[in-house]
């Protein structure tokens, strides 16, 4: 590997606790490197160096002074057969904080170095066990906030994204080979392919690349979650709706307008997704400074929201104040919520919004139907399937965008009869951009940025 962060010294044997901090039934200390077996053998009651790969051994562990530390299981993984691609030992001990720290300190005293964040996964990448996209999937697997995100991370870890990127690269290389032949043998009269054939082939490939790029919309939802904002004039039932969505009394409700004076936030797990739910101050003209500041914050929350629930009091109908608020809301991510539908109300006027819900927040009626409406706005069509390859990483998105730009330049050049020499340069740039996704010719800065976000022990 050409670009290696200096502090990631591959010749060292590293060690770290691989389980979360705190008390538990079992903790794992992971040791990896050329001297991993020798380091652990100094502490363990058995001949670690002679153990067969992928075997577990029960025994006692002591420090270098001979003091007994714990009864443990030692798991041995040899060379290329380990996660890191080098000799690895995992020590399974009782999960107390103190005993875990003692065993780690003994391991460091025996010749290991404390691992840096992400250093085990970094070694797996350097030794060719996984590519960079798969390495990033490890962290996304750990950080998954919902079942959809977990499915996407598992899919990426299994190499589905890498395979798709590899297919794109292969097709671009086929086109590049023809362009190079045109450059190398211009006078030979050899018919490798026509400009029209290459143009058609590249057009189909660009469709596939753009489809993957579009998937980032869903990927961002899975990775980051969403913000859901309750908006409306005072006393239309926004706080009651917040309580109904959370299924608990989170917000103070009152018949008096202006009860909510600030943006009230909480977190909601809805239909498999993590949502940040915000109840905003009622939007109206006010002379009171505190309420004015609350309204200012409400407008900011509206601008930042992914989905907006525009709450209207059905018992009063659609007022001029409601109409004024609606003008400032984006129709593609706003749901018109007719609240208090259980009360006597005038005929409900049709509004130019594609998504409408009818409910009674106080009686908890219509909430389930609102869930489905929120889903329709979030996904635009339907949630991604478990097998679908989607982009969840901004770095991948940016690299694919760059690749598409270069490929589109090639397509325009084919249509306008540009010299194959220029076209060849652009298509190789497209291939290089795709290579950044899986870790080909990535810089030290990129690697450092990626692996430094990992937890220690991973």
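Values in this text are rule-based calculations from the coordinates and carry no lab data. Please read all numbers here as calculations on a predicted model, not as lab measurements. Reconstructed Cβ throughout: ideal geometry from the backbone, glycine too, with neighbour counts over all protein chains shown.
So what's the gap between the Cα centers of the stretch 390-416 and the stretch 193-238, to the nearest angstrom?
A separation of 14 Å, based on Cα centres.
Go ahead and collect, in residue order, the members of the stretch 202-237 whose backbone nitrogen is under 17 Å from a label point 7 Å along the Cα-Cβ direction of residue 379.
From the stretch 202-237, the list is 215-226.
Taking 0.36 nm per intervening residue step and subtracting the Cα-Cα distance, what contour gain separates residue 167 from residue 387 on full extension? Intermediate values should be presented prior to the final figure.
Working: separation 220, 0.36 × 220 = 79.20 nm, distance 1.70 nm.
Gain on stretching residue 167 to residue 387: 77.5 nm.
Cβ neighbours within 10 Å, averaged per peptide: list 19-29, 68-78 in order, most packed at the top.
68-78, 19-29
Please tell me the relative contact order of the chain in percent, rounded to the nearest whole number, where contacts are Cα pairs under 8 Å and at least six residues apart.
Details: 827 pairs, mean separation 79.5, N = 458.
Relative contact order comes out at 17 percent.
Tell me, how many Å apart are the Cα centres for the stretch 12-64 and for the stretch 326-380?
58 Å
With r defined as the distance between the Cβ atoms of residue 323 and residue 246 and R0 fixed at 25 Å, what FRET efficiency is calculated, to the nearest 0.05? Present the calculation step by step, with values, prior to reporting the outcome.
On the way: r = 29 Å, r/R0 = 1.17.
It comes to 0.30.
Using Cβ contacts closer than 10 Å as the measure, can you line up 455, 433 from fewest to most? Let's see the in-between values first.
Details: 455 16, 433 20.
Fewest-to-most ranking of 455, 433: 455, 433.
Counting only Cα, what are the radius of gyration and maximum Cα-Cα distance Dmax of the stretch 358-458, in Å?
When restricted to Cα atoms, the stretch 358-458 yields Rg and Dmax of 22.3, 71 Å.
Semi-axes, largest first, in whole Å: what does sqrt of 5 times each Cα gyration tensor eigenvalue give for the stretch 1-158?
The answer is 27, 19, 14 Å, longest axis first.
Can you give me the relative contact order of the stretch 128-230 as a percent, contacts being Cα pairs under 8 Å and 6 or more apart?
Dividing the mean separation by the residue count of the stretch 128-230 yields 31 percent.
Expected output is a single nm value to one decimal: the length gained when fully extending between residue 440 and residue 9, i.e. 0.36 nm times separation in residues minus the C-alpha distance. What is it?
This chain segment gains 153.1 nm when fully extended.
Tell me, in nm to one decimal, what length is gained between residue 97 and residue 342 on full extension, where the rule is 0.36 nm per residue of separation less the Cα-Cα distance?
On the way: separation 245, 0.36 × 245 = 88.20 nm, distance 5.58 nm.
Working it through step by step, the gained length comes to 82.6 nm.
Starting from the Cα of residue 363, step 7 Å along the direction of its Cβ; do the same at residue 227; then give the gap between the two resulting points in nm.
3.4 nm
Using a Förster distance of 25 Å, how high is the FRET efficiency between residue 45 and residue 81, based on the Cβ-Cβ distance and rounded to 0.05?
0.55
As a check on your grasp of the helix formula, calculate [θ] at 222 nm for the chain: sum -39500 (n - 2.57) over DSSP H runs of n ≥ 4, divide by the residue count, round to the nearest 500.
Helix-only estimate at 222 nm: -14000 deg cm²/dmol.
I want to check the label-to-label distance for residue 315 and residue 415. Put each point 7 Å from Cα in the C-beta direction and report it in nm to one decimal.
6.0 nm
Once you put a point 7 Å from the Cα of residue 143 and another 7 Å from the Cα of residue 56, both along the Cβ direction, what distance in nm separates them?
In this crude spin-label approximation the distance works out to 3.1 nm.
Go ahead and run the numbers for FRET between residue 349 and residue 303, Cβ-Cβ distance against an R0 of 30 Å, rounding to 0.05.
0.70
Given the chain, what whole percent of its Cα pairs are spread farther than 32 Å?
Percentage above 32 Å: 59.
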